[in-house]
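K.L.:
Dumping the structure here so I can ask a few things about it.
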DNA sequence: CCGCATCCAGTTCGATACTG
DNA sequence: CAGTATCGAACTGGATGCGG
């Protein structure tokens, strides 16, 4: 087997799972929503208030996507006015390490950006 | 301080860095490109062959974005035909833990999807 | 053939307004 | 409160072209 072929296989072994993960977590809003729900069950507009700049439309759409992938559970209480509560499922909680690593990288990245801006 | 306010602050501390990270890594293609370059320096069309379904246009655009964020270095060799080599910078390599965690989650997720499809 | 740039179509996203 | 409806802007994808 040639070097390039072996490299190609090794590379694909990493690429496909990451592709699968990105297919579920794509877009700007899904991880922020999950983070919001990591800190407790929330109602629709409560999530909206915690995520800067998200619109109702996007929040509604992304919550539906997350629900379809069983990361988030939606519960409707038949009170008046109607109350809808969103909960992170057990499966949703398995994303905690992912978020933790991204958070650490994001902090380092912000430090780097700030330093660059002050020296240029 | 009320419970909700404290939760809001804690939550934001996690959300902002993740937001910063996502701003750099957004889209379907950036992480696959970085993975490809983790396995060695590559030329334009070599990267294209390793990433299923990516078009030349997207590859070109995403490489430029990554270059601007100093995750990837672009070197042009004045040979005939011209050769352009892409390299992961040291900073680009700091994304390895992020990719590793996403890869692990993606593998588990694929297992889960497969199981569901066979039992439903 | 290599690394793009350009044109055009389809999809997604965002702002605002509105409903039960 | 918890979303929908609508419209325009932005982003994405495919086909094609082009200098070297």
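K.L.:
I'm trying to understand the selection: among the residues of region B:1-26, which are closer than 18 Å to residue A:24 by Cβ and within 8 Å of another protein chain (Cβ to nearest Cβ)? Explain how you work it out, then say what you get.
P.N.:
Here is the first cut: in region B:1-26, the residues closer than 18 Å to residue A:24 by Cβ are B:18, B:21-22, B:25-26.
Passing the criteria: B:18, B:21, B:22, B:26.
K.L.:
From the list A:57, A:53, which one is at pLDDT 95 or above, loosely packed, with under 13 Cβ neighbours inside 10 Å and outside any helix (DSSP H, G or I)?
P.N.:
Among A:57, A:53, only A:53 is at pLDDT 95 or above, loosely packed, with under 13 Cβ neighbours inside 10 Å and outside any helix (DSSP H, G or I).
K.L.:
Also: Applying the selection to region A:79-92, what residues are surrounded by 13 or more Cβ atoms within 10 Å (Cβ to Cβ) and away from DNA strand C (no atom under 16 Å from the Cβ)?
P.N.:
Of everything in region A:79-92, those that are surrounded by 13 or more Cβ atoms within 10 Å (Cβ to Cβ) and away from DNA strand C (no atom under 16 Å from the Cβ) turn out to be A:86, A:87, A:88, A:89, A:91, A:92.
K.L.:
Out of (1) more than 21 Å from residue A:12 (Cα to Cα); (2) assigned to a helix (DSSP H, G or I), what's the single condition that is false for residue B:66?
P.N.:
That leaves (1) as the condition not met.
K.L.:
Additional query: Report, by residue number, each residue of region B:1-41 that is over 18 Å from residue B:69 (Cβ atoms) and surrounded by 15 or more Cβ atoms within 10 Å (Cβ to Cβ).
P.N.:
B:7, B:8, B:11, B:12, B:14, B:15, B:39
K.L.:
Take the residues of region B:32-89 that are over 15 Å from the mean Cα position of the chain (by Cα) and within 12 Å of chain A (Cβ to nearest Cβ): which is farthest from DNA strand D (Cβ to nearest atom)?
P.N.:
It comes out as B:40.
K.L.:
Of the conditions (1) assigned to a loop (DSSP other than H, G, I, E, B); (2) farther than 21 Å from residue A:103 by Cα; (3) modelled with pLDDT of 95 or more, residue A:40 fails just one. Which one is it?
P.N.:
Single failed check for residue A:40: (2).
Each row is one residue, and each column tells you yes or no for (1) over 22 Å from residue A:25 (Cα atoms); (2) touching a strand residue (DSSP E or B) at 6+ places or on another chain (Cβ under 8 Å).
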{"position": "B:59", "(1), (2)": "no, no"}
{"position": "B:62", "(1), (2)": "no, no"}
{"position": "B:67", "(1), (2)": "yes, yes"}
{"position": "B:80", "(1), (2)": "yes, no"}
{"position": "B:83", "(1), (2)": "yes, yes"}
{"position": "B:107", "(1), (2)": "no, no"}
{"position": "B:111", "(1), (2)": "no, no"}
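K.L.:
Test residue A:32 against the stated conditions and say whether it is at pLDDT 95 or above, in a helix (DSSP H, G or I) and within 16 Å of DNA strand C (Cβ to nearest atom).
P.N.:
Yes: the conditions hold for residue A:32.
K.L.:
Working only within region B:18-69, note down all residues that are in contact (Cβ under 8 Å) with a residue 12 or more places away in the chain and at positive phi.
P.N.:
Hit for region B:18-69 is B:27, nothing else.
K.L.:
Going through region A:9-28 one residue at a time, which ones are within 14 Å of DNA strand D (Cβ to nearest atom) and within 16 Å of residue B:20 (Cα to Cα)?
P.N.:
Those that are within 14 Å of DNA strand D (Cβ to nearest atom) and within 16 Å of residue B:20 (Cα to Cα): A:26, A:27, A:28.
The values are calculated or read from the model by the stated rules, or taken from the named source; none is laboratory data. In this text the structure is predicted, and so the values were computed from the model without any measurement. Cβ: placed from backbone, ideal geometry, glycine included. Neighbour counts: every protein chain shown.
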